[in-house]
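Chemist: Got a structure here, written out as structure tokens. Questions coming.
The values are calculated or read from the model by the stated rules, or taken from the named source; none is laboratory data. Being a predicted model, the structure only gives us computed values, none of them experimental. No Cβ is skipped: glycine too gets one built from the backbone with ideal geometry, and neighbour counts run over all protein chains shown. Just so you know, the surface numbers come from the protein's heavy atoms only, side chains and all, with ligands and any DNA or RNA stripped out. Shrake-Rupley method; radii C 1.70, N 1.55, O 1.52, S 1.80 Å.
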Amino acid sequence: MSLALYRKYRPQTFGELVGQQPIRITLEQQVKSGRVGHAYLFVGPRGVGKTTTARILAKALNCENRKAGDAEPCNTCVSCTSITKGSSLNILEIDAASHTGVDNVREVIINGVHVVTQKDKWKIFIIDEVHMLSTAAFNALLKTLEEPPRYVVFILATTESHKVPATIISRCQRFDFKLVAQDALTKRVRLLADYEGMKLTDGVVERVVREARGSVRDAESVLQQLASLEEKNIADELADLLFPASDMEAVVVWFESLAKKNVAAAIDHLEAVHGAGIDAGAFLGDALYLAHHLLLAQTSAKKIAVADVDAKIFPRVQELQQRLHVERLLRLVALLYEAQDLVRTSTIPQLPAEVATVKFCGDLSQSHDEDTGNDPGTIPKRAATPQPQKTEVLQKNESVEIEKAESDAVQAEPIQPKKEGDISLPLARLQEKWHTLVTQTKKYNHALQFLLEGSTPFACENGCLTFGVGYKMHADKLRDTKMRNALVRAVEDVYGVTVRILPEVGKGANGLGNGMAHPMQPSDDLHLQELVKKFGGQIIE
Ligand SMILES: [Zn+2]
């Protein structure tokens, strides 16, 4: 398949349009009755059919075979086929987002508008991303719209209507294109898969639709990626190759740390997400998506469905729902939007999410500190930098109670929760159950047991579990988010504590190096300082 699916199967009639029912009906009526406007403004997100609709309207207006009272173009006459091929001289399509578009558009409008069409009835200008036009081009356009020639139709399309001058908007018929609903997208995905002879399981269709987030074009390009696997039967396992569930899972892990107010774990995780090559902007987009669904679930009748997230992470999302209540979610959404704004200009892509983390958790410490009169802007340094603390063994039931206290912290009386930095285990206990831990890990991940074969526990102090493995490659693998999260959970199971995992290479005391005494490297400190600077707090020693 050489042609992109979205081109190959681009709707060619009003009837084939995906979603946008009210717009379709209105335009069909106008074509049927011959009462067509001189200027249209199509507003809406990308990939929902603005340009496609513009072309169908152009086609219908100029179709040689269309009978009076009909709306659909024939798609076989010379006019229709030349529009399909993009060679019609009566349709001028300008992409204002491209540089040449902006430069030429003024001339194109001024010169083009007064050339009378020969064969067809209408000369149609389709200007995509119209908000990108220069002032000079807008002025030329405005002049034309004030006294439009009888045979000219302008169709302006934009994703950002607030950047279009009000004088232009007031002269247009405005149509607001909406994101396409799940069922319409599902139908579309199944139809195209059929055309391509692909067999998708229901789970795969759900995932394609979810990835698309209401954009037909995105749904089609995801489907295109599946088609490129050159396998006609696409089951969930094969789809896993294309969309690792880890993207949304990564967001869930982040939210879990935020819910527990665990700054260190959250920032650690964000660094790992960045290291895994997940795009910071896409990650924040996913985070907003999840926060939105959590918010809807708590404030409306719309509950989160398995299809909204993923079967694998669904139980954890439901648990998050119990932990993040409306007020915290509202705060989170505001911070996510802020981070999304920053991410475009940040030279450190993961920094905005980290700032959001510190602010979100900092807000809670503010509520703890109100009674003591501490500066609310301060961050307890030990939350991010484990310092030697009083040794304390934390049993599982205690840690559960503390988590519960943390999740209720907003509503209940302020309680100073124990930080992960407080958790330590005696070496004897660590060694005693190490073998059990290693054999237990296969419950979470089969590769883990292999990686931990022959490993030695060093210490569990200040919330950090250090241990040695035989090979650097194994240590690197264990730092991988997926492995690390699996190991964290296995440790929770066996020892009843939640800790950071610090694998090292080596078998004895020699292998410890500086890692034991200073688990945070100097660069981490700099990083923390940068965070604090951005956020305007101060580090408490
Ligand atoms: Zn035709």
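Chemist: Can you find even one residue in region 484-503 that is at pLDDT below 80 and over 18 Å from ASN262 (Cα atoms)?
Modeler: No, every residue in region 484-503 fails to be at pLDDT below 80 and over 18 Å from ASN262 (Cα atoms).
Chemist: Here's something else I'd like to know. Do the conditions hold for GLY112, that is, is it away from the ligand (no atom under 15 Å from the Cβ), closer than 26 Å to PRO11 by Cα and either surrounded by 14 or more Cβ atoms within 10 Å (Cβ to Cβ) or modelled with pLDDT of 90 or more (or both)?
Modeler: Judged against the criteria, GLY112 is not a match.
Chemist: To continue, here is another question. Could you check region 115-133 and list, in sequence order, the residues that are in a loop (DSSP other than H, G, I, E, B), open to solvent by 20 Å² or more (accessible area, probe 1.4 Å) and at pLDDT 70 or above?
Modeler: LYS121, TRP122, GLU129
Chemist: Another question, if that's okay. What tally of residues in region 423-447 results from selecting those that are part of a helix (DSSP H, G or I), among the charged types (D, E, K, R) and touching a helix residue (DSSP H, G or I) at 6+ places or on another chain (Cβ under 9 Å)? Break it down stepwise before answering.
Modeler: Narrowing region 423-447 to residues part of a helix (DSSP H, G or I): 427-432, 434-443, 446-447.
When the remaining residues are screened for being among the charged types (D, E, K, R), the result is 429, 432, 442-443.
Going one step further and asking which of them are touching a helix residue (DSSP H, G or I) at 6+ places or on another chain (Cβ under 9 Å), we end up with 429, 442-443.
Count: 3.
Chemist: Which count do you get for residues in region 29-67 that are in a loop (DSSP other than H, G, I, E, B) and within 14 Å of the ligand (Cβ to nearest atom)? Write out each step before concluding.
Modeler: Restricting attention to region 29-67, the residues satisfying the condition of being in a loop (DSSP other than H, G, I, E, B) are 34-38, 44-49, 63-67.
Those left that are additionally within 14 Å of the ligand (Cβ to nearest atom): 63-67.
Within region 29-67, residues that are in a loop (DSSP other than H, G, I, E, B) and within 14 Å of the ligand (Cβ to nearest atom) number 5.
Chemist: Is it true that ALA97 is away from the ligand (no atom under 16 Å from the Cβ) and open to solvent by 20 Å² or more (accessible area, probe 1.4 Å)?
Modeler: For ALA97, the condition - away from the ligand (no atom under 16 Å from the Cβ) and open to solvent by 20 Å² or more (accessible area, probe 1.4 Å) - is met.
Chemist: Further question on the same structure: Which pairs turn up if I take residues in region 189-206 that are under 14 Å from ALA227 (Cβ atoms) and look for partners that are open to solvent by 80 Å² or more (accessible area, probe 1.4 Å) and assigned to a loop (DSSP other than H, G, I, E, B) with beta carbon separation below 8 Å, at least 6 apart in sequence or on another chain?
Modeler: Listed pairs, sorted by first residue: GLU196/MET1; GLY197/LYS232; MET198/LYS232; LYS199/LYS232.
Chemist: So, in region 4-40, exactly how many residues are surrounded by fewer than 18 Cβ atoms within 10 Å (Cβ to Cβ) and among the hydrophobic types (A, V, I, L, M, F, W, C)?
Modeler: 3
Chemist: Answer yes or no: is there a residue in region 155-166 that is loosely packed, with under 14 Cβ neighbours inside 10 Å, closer than 25 Å to PRO11 by Cα and in contact (Cβ under 8 Å) with a residue 12 or more places away in the chain.
Modeler: Yes: region 155-166 contains one or more residues that are loosely packed, with under 14 Cβ neighbours inside 10 Å, closer than 25 Å to PRO11 by Cα and in contact (Cβ under 8 Å) with a residue 12 or more places away in the chain.
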